[in-house]
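To start, the structure under review is shown below, and the notes come after it.
The values are calculated or read from the model by the stated rules, or taken from the named source; none is laboratory data. All values derive from a computational prediction rather than experimental measurement. Counting neighbours? That spans all protein chains shown, and the Cβs are built from the backbone with ideal geometry, glycine included. In case anyone asks, the SASA skips ligands and DNA or RNA and just uses the protein heavy atoms, side chains included. Shrake-Rupley method; radii C 1.70, N 1.55, O 1.52, S 1.80 Å.
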Amino acid sequence: MERIERSCVTVEFDEGIAWVILSRPEKRNAMSPTLNREMLEVLEDLELDERCGIVVLTGAGDSFSAGMDLKEYFRETEKLSPSQVRRVRQTAYAWQWRKLMHYPKPTIAMVNGWCFGGAFTPLVACDLSFAADEAVFGLSEINWGIIPGGNVTKAVADKLRPADALFYIMTGRNFDGRKAAEMGLVNESVPRAELRDHVRALAMELMGKNLTVMNGAKIAFKQVRTMSWDASEDYLGSKAAQVRAQDKSAGRERGLTQFLDDKSYRPGLEGYSKDG
Ligand code: COA
């Protein structure tokens, strides 16, 4: 398996899947300024890397991520000038939600273990997410005296019912992968021993679809959520035309021909043949 090793991030290429692994297991994959810089560069590179069809974000060892690095991201940046601090913060936000939220390839978060505070932002910014039943989540900010910043509060406000979001923001209590799935924070939770195979199978299923169209569809979904019905109708019309123009494989035409003329498949039940 081809790999890219950075000091805090590892990428493994596996039949179109890029497993992007936060790799500071000895620090529970806490997100330091170096890790944030590397993640931004890695995601930028993978956008253009043909070995990557889908990104799966996960963590090395027994953690997804213990959140922002309390030492390197908080305490040590107190010595920096305001503009240096702003830069450190912006690099974190740049990958944790801006880049991931609108990433031009499908993204899946695979929460294998500890997931605290700042780690909720990239988790929610990924398109889909799966957790180990045994994973432990927590909005622990209240436990050490800050509010969930770094857009963590926005992330949970987007994903959870207000009652659940406020309960965990205010108590800092932990919950497991099953509870995360029940609340809709992740799509599903499965036993840790099955997690990687489960996510891999889903990623391979997605790879069998038309990824140009899929990327248009997911970006459209994210954009229309904050639009009026009128603006959305107009936007979706233009987006559909844009995606059709971008799809060099002419998927729509293949689908129509195979259903209407060849009668070789039914789109309600399966995908068209990419070879046909
Ligand atoms: N920032 C910086 N360092 C962290 C960290 C974080 N968020 N989370 C863990 N670490 C470091 C510890 O300081 C320790 O470093 P050391 O070996 O140099 O002493 C190492 O990672 C292992 O942590 P430890 O607490 O011994 O591991 P554990 O398995 O017993 O517990 C956690 C794991 C995740 C429960 C615990 O580390 C923890 O509570 N971390 C903070 C989580 C948090 O509140 N994050 C929110 C940040 S926004």
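Quick one: is residue 249 surrounded by fewer than 16 Cβ atoms within 10 Å (Cβ to Cβ) and under 21 Å from residue 53 (Cα atoms)?
Details: surrounded by fewer than 16 Cβ atoms within 10 Å (Cβ to Cβ): yes; under 21 Å from residue 53 (Cα atoms): yes.
Criteria met by residue 249.
Between a residue in region 81-92 that is surrounded by 11 or more Cβ atoms within 10 Å (Cβ to Cβ) and any residue that is small (Gly, Ala, Ser) and modelled with pLDDT under 95, which pairs come within a Cβ distance under 9 Å, given they are 6 or more apart or on different chains?
Taking only residues 6 or more apart or on different chains, the pairs are 89/150; 92/150.
Of 45, 14, 62, which residue is among the acidic types (Asp, Glu), modelled with pLDDT of 95 or more, surrounded by fewer than 22 Cβ atoms within 10 Å (Cβ to Cβ) and within 13 Å of the ligand (Cβ to nearest atom)?
Values: 45 fails: within 13 Å of the ligand (Cβ to nearest atom); 14 fails: within 13 Å of the ligand (Cβ to nearest atom).
Exactly one residue qualifies, and that residue is 62.
Go through region 65-80 and report how many residues are surrounded by fewer than 16 Cβ atoms within 10 Å (Cβ to Cβ) and either acidic (Asp, Glu) or outside any helix (DSSP H, G or I) (or both).
So the answer is 3.
Every residue, every condition in (1) at pLDDT below 95; (2) in contact with a Phe, Trp or Tyr (Cβ under 9 Å, 6 or more places away or on another chain); (3) open to solvent by 70 Å² or more (accessible area, probe 1.4 Å); (4) assigned to a helix (DSSP H, G or I), yes or no:
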site: 217; (1), (2), (3), (4): no, no, no, yes
site: 220; (1), (2), (3), (4): no, yes, no, yes
site: 227; (1), (2), (3), (4): no, yes, no, no
site: 230; (1), (2), (3), (4): no, no, yes, yes
site: 234; (1), (2), (3), (4): no, no, yes, yes
site: 237; (1), (2), (3), (4): no, no, no, yes
site: 240; (1), (2), (3), (4): no, no, no, yes
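Residue 192 fails exactly one of the following numbered conditions: (1) open to solvent by 40 Å² or more (accessible area, probe 1.4 Å); (2) more than 30 Å from residue 250 (Cα to Cα); (3) without any contact (Cβ under 8 Å) to a residue 40 or more places away in the chain. What is the number of that condition?
Residue 192 satisfies all of (1) open to solvent by 40 Å² or more (accessible area, probe 1.4 Å); (2) more than 30 Å from residue 250 (Cα to Cα); (3) without any contact (Cβ under 8 Å) to a residue 40 or more places away in the chain except (3).
Go through region 242-274 and give me each residue that's under 12 Å from residue 210 (Cα atoms) and assigned to a loop (DSSP other than H, G, I, E, B). Before the answer, list the steps.
From region 242-274, those under 12 Å from residue 210 (Cα atoms) are 243-244, 246-252, 254-255, 271-274; that's our starting set.
Scanning region 242-274 gives 247, 248, 249, 250, 271, 272, 273, 274.
Could you give every pair whose Cβ atoms fall below 8 Å, whose first residue belongs to region 94-121 and is closer than 23 Å to residue 175 by Cβ and part of a loop (DSSP other than H, G, I, E, B), and whose second residue is open to solvent by 10 Å² or more (accessible area, probe 1.4 Å) and near the ligand (Cβ under 9 Å from one of its atoms), counting only separations of at least 6 or pairs across chains?
Correct list of pairs: 112/62; 113/62; 113/136.
Before we move on, is residue 113 among the small types (Gly, Ala, Ser) and either crowded, with 24+ Cβ neighbours inside 10 Å or within 16 Å of the ligand (Cβ to nearest atom) (or both)? Give the derivation first.
Details: among the small types (Gly, Ala, Ser): yes; either crowded, with 24+ Cβ neighbours inside 10 Å or within 16 Å of the ligand (Cβ to nearest atom) (or both): yes.
Considered against the rule, which asks whether it is among the small types (Gly, Ala, Ser) and either crowded, with 24+ Cβ neighbours inside 10 Å or within 16 Å of the ligand (Cβ to nearest atom) (or both), residue 113 comes out as yes.
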